[in-house]
Amino acid sequence: MTTTLILGGARSGKSRRAQQLAEAGGGRLVFVATAEAIDAEMAERIARHREDRGDAWTTVEAPIDLADAVRRHAAPEAVLLIDCVTVWLGNLMHHDRDVPAAGDALLAALAQAPGQVIVVSNEVGLAIVPETPLGRRFRDEAGMLNQRLAAAADRVELIVAGLVASLK
C-alpha cells in the first residue's frame with residue numbers, strides 16, 4: 001500500500017497531477033468524489049470532470065463517509081483517487097459532523113488500505129485570513145487535517161501553477 005498526498009491551491013493543477021499519477025499506476029482506476037451537486041454550476045463542474053476522466057474510471061460518490069468508501073473500494077489491484085479532502089471537510093462542517101472523528105476514521109482507513117491511494121487536498125492556509133469565524137475554523141481544520149495526512153502519507157507533493165514540488 002502506498003498513499004500519495006497532492007496539495008495545492010485552487011486551480012493549481014493538483015487534480016490533473018493526481019489523475020496522471022493514477023493512470024500511470026497500472027491498476028483499476030477508482031475515483032472517489034466528495035463533491036455534491038448542490039447547484040447547477042457544481043453539477044456542470046462534476047459532469048466536466050467525469051467526462052475528462054473518461055470511461056476507464058469507476059466513480060464512487062462519498063460526500064460524507066469517506067472512510068467507508070476507502071474501506072470498500074481500496075484493493076491491491078486498484079488505484080484509488082480521492083478528490084478532494086477539503087470539499088469533504090466542507091461537507092462535514094455543513095452537515096454538522098464530528099470533524100476530528102471523521103479525520104481519525106479516514107486516517108485509519110488509509111492505513112489499512114491495500115493498493116495505491118492518491119489523496120487530493122487544497123492548501124488553504126496560504127491565502128488571506130478568512131473574515132468569518134466559520135471561514136477561520138474551516139482553514140484551521142483543513143490545515144490540521146493536511147498535517148495529519150502528510151505525516152501518514154508515503155509521498156507528498158505540492159502543486160503550484162501546474163509545477164510539482166516534492167515535499168516527501
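The values are calculated or read from the model by the stated rules, or taken from the named source; none is laboratory data. The model shown is predicted, which means the values in this text are computed figures rather than measured ones. Ideal geometry is used to build each Cβ from the backbone, glycine not excepted, and the neighbour counts take in all protein chains shown. Surface areas here come from the heavy atoms of the whole protein model, side chains and all, with no ligands, DNA or RNA. Shrake-Rupley method; radii C 1.70, N 1.55, O 1.52, S 1.80 Å.
Which ones in the range 15-45 are of a type outside the set (Asp, Glu), touching a strand residue (DSSP E or B) at 6+ places or on another chain (Cβ under 9 Å) and either farther than 28 Å from MET1 by Cα or in a loop (DSSP other than H, G, I, E, B) (or both)?
If the condition is that a residue be of a type outside the set (Asp, Glu), touching a strand residue (DSSP E or B) at 6+ places or on another chain (Cβ under 9 Å) and either farther than 28 Å from MET1 by Cα or in a loop (DSSP other than H, G, I, E, B) (or both), then GLY25, GLY26, GLY27, THR34, ALA35 are the ones that fit.
Just to be sure, is ALA10 out of contact with any Ser or Thr (no Cβ under 7 Å at 6 or more places or on another chain), open to solvent by 20 Å² or more (accessible area, probe 1.4 Å), at pLDDT below 95 and more than 17 Å from ALA142 (Cβ to Cβ)? Before you say what the answer is, go through the steps one by one.
Working: out of contact with any Ser or Thr (no Cβ under 7 Å at 6 or more places or on another chain): yes; open to solvent by 20 Å² or more (accessible area, probe 1.4 Å): yes; at pLDDT below 95: yes; more than 17 Å from ALA142 (Cβ to Cβ): no.
When the stated conditions are applied, ALA10 does not pass them.
Find all pairs meeting these conditions: Cβ atoms under 7 angstrom apart; at least six residues apart or on different chains; first residue within the range 141-155 and in contact (Cβ under 8 Å) with a residue 40 or more places away in the chain and of a type outside the set (A, V, I, L, M); second residue open to solvent by less than 90 Å² (accessible area, probe 1.4 Å) and in a helix (DSSP H, G or I).
Pairs found: GLU141/LEU89; GLU141/VAL99; ARG148/GLY103; ARG148/LEU107.
With the structure loaded, tell me whether GLY13 is more than 14 Å from SER121 (Cα to Cα) and touching a residue at least 60 places away in the same chain (Cβ under 8 Å) or whether it fails that test.
Numbers: more than 14 Å from SER121 (Cα to Cα): no; touching a residue at least 60 places away in the same chain (Cβ under 8 Å): yes.
No; evaluated as a whole, the condition is false for this residue.
Of the residues ALA69, ALA47, ALA74, ALA40, only one is over 14 Å from the mean Cα position of the chain (by Cα) and within 28 Å of LEU167 (Cα to Cα); which?
Numbers: ALA69 fails: over 14 Å from the mean Cα position of the chain (by Cα); ALA47 fails: within 28 Å of LEU167 (Cα to Cα); ALA40 fails: within 28 Å of LEU167 (Cα to Cα).
Sole residue among the options that is over 14 Å from the mean Cα position of the chain (by Cα) and within 28 Å of LEU167 (Cα to Cα): ALA74.
For THR59, state whether it is assigned to a strand (DSSP E or B) and under 15 Å from the mean Cα position of the chain (by Cα).
Working: assigned to a strand (DSSP E or B): yes; under 15 Å from the mean Cα position of the chain (by Cα): yes.
Yes; evaluated as a whole, the condition is true for this residue.
Among the residues of the range 137-163, how many are farther than 19 Å from GLY103 by Cβ and surrounded by fewer than 16 Cβ atoms within 10 Å (Cβ to Cβ)? Write out each step before concluding.
Our first condition is that a residue be farther than 19 Å from GLY103 by Cβ; within the range 137-163, this holds for 155, 157-163.
This time we only want the ones that are surrounded by fewer than 16 Cβ atoms within 10 Å (Cβ to Cβ), so: 155, 160-163.
Matching residues across the range 137-163 total 5.
When you check VAL129 against the structure, is it assigned to a loop (DSSP other than H, G, I, E, B) and open to solvent by 10 Å² or more (accessible area, probe 1.4 Å), yes or no?
Numbers: assigned to a loop (DSSP other than H, G, I, E, B): yes; open to solvent by 10 Å² or more (accessible area, probe 1.4 Å): yes.
Yes, satisfied.
For VAL70, state whether it is open to solvent by less than 60 Å² (accessible area, probe 1.4 Å), closer than 15 Å to ILE118 by Cβ and part of a strand (DSSP E or B). Even if it seems obvious, please write down each step before you answer.
Details: open to solvent by less than 60 Å² (accessible area, probe 1.4 Å): yes; closer than 15 Å to ILE118 by Cβ: yes; part of a strand (DSSP E or B): no.
No, not satisfied.
Restricting to the range 88-114, count the residues that are touching a Ser or Thr at 6+ places or on another chain (Cβ under 8 Å) and surrounded by fewer than 19 Cβ atoms within 10 Å (Cβ to Cβ). Before the answer, list the steps.
Within the range 88-114, the subset touching a Ser or Thr at 6+ places or on another chain (Cβ under 8 Å) is 88, 91, 110, 113.
The next check asks that each one be surrounded by fewer than 19 Cβ atoms within 10 Å (Cβ to Cβ); those that pass are none.
Selection size over the range 88-114: 0.
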